[in-house]
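Here is the structure we will look at, set down as structure tokens.
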Ligand code: HEC
């Protein structure tokens, strides 16, 4: 046999093998799985039905054998409190009326808010909150219709609602900022740009509590002293 002939024969053999893999079909219209592990990972994966392959139920023994059941509709994960206002104009108005910032204002909160603003907001709203962030200046984003000014009449609940769901061209920021972070941002924007610093700050509260403690201690000491003198 010549070398050339052998070469041709081996090519033919390869074609025949490939053809045999692709041509035959199992009952139910599925081609045999050459390496089934590649289609269905042997490691247990969440919510995978091991009897199902691309919509076909090939092995009824395994059908509906899932590693975990789907959570019941309406399930909420631990530590998560749903936000009770809908993404509608009515929800926006109601949030504005009812929601108050649950975080006590303090210098630390302001610092946190500043950091978050620098990471998530400054490129649009700008360093001074006037809507002149870098992407607006470079013409990559249309001018921001809102300027954070002392004259801006905007309830903190509405601000929170907007950061949660987005508004107009601003997208939702709830996937990347938790509730606490969103409220910190509300504090920061209001204090820094809108000159609306909450009247009672945490440091004042702490000072009041400290004063009360000192007074109580002094009184107790006085009582002890008087009693000691009396005996
Ligand atoms: C991609 C640009 C962009 C980014 C990033 C962005 N915003 Fe906005 N923001 C806008 C635009 C545009 C509006 C005006 C929405 C409207 O009224 O149509 C807006 C409006 C607002 C308002 C006014 C809401 C109201 O109810 O009228 C607040 C508050 C606000 N943004 C806060 C933030 C905060 C906080 C961040 C960062 C977490 C942020 N924005 C990030 C574009 C952006």
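None of the figures in this text is laboratory data; all of them are computed from the coordinates on show. Fair warning: this is a prediction, and the values are worked out from it, not measured in the lab. Every residue, glycine among them, receives a Cβ derived from its backbone with ideal geometry; neighbour counts consider all protein chains shown.
Among the residues making up region 108-139, those that are near the ligand (Cβ under 10 Å from one of its atoms), on the phi < 0 side of the Ramachandran plot and not in a helix (DSSP H, G or I) are 121, 133.
Across region 140-194, what is the total count of residues that are outside any helix (DSSP H, G or I) and near the ligand (Cβ under 9 Å from one of its atoms)? Outline the logic, then answer.
From region 140-194, those outside any helix (DSSP H, G or I) are 140-155, 166-178, 193-194; that's our starting set.
Restricting the remaining residues to those that are near the ligand (Cβ under 9 Å from one of its atoms) gives 141-146, 148, 152, 154-155, 166-171, 173, 176-177.
So the answer is 19.
The set of residues from region 129-157 being within 19 Å of residue 188 (Cα to Cα) and more than 25 Å from the chain's Cα centre (by Cα) comprises 130, 132, 147, 149, 150, 151, 152, 153.
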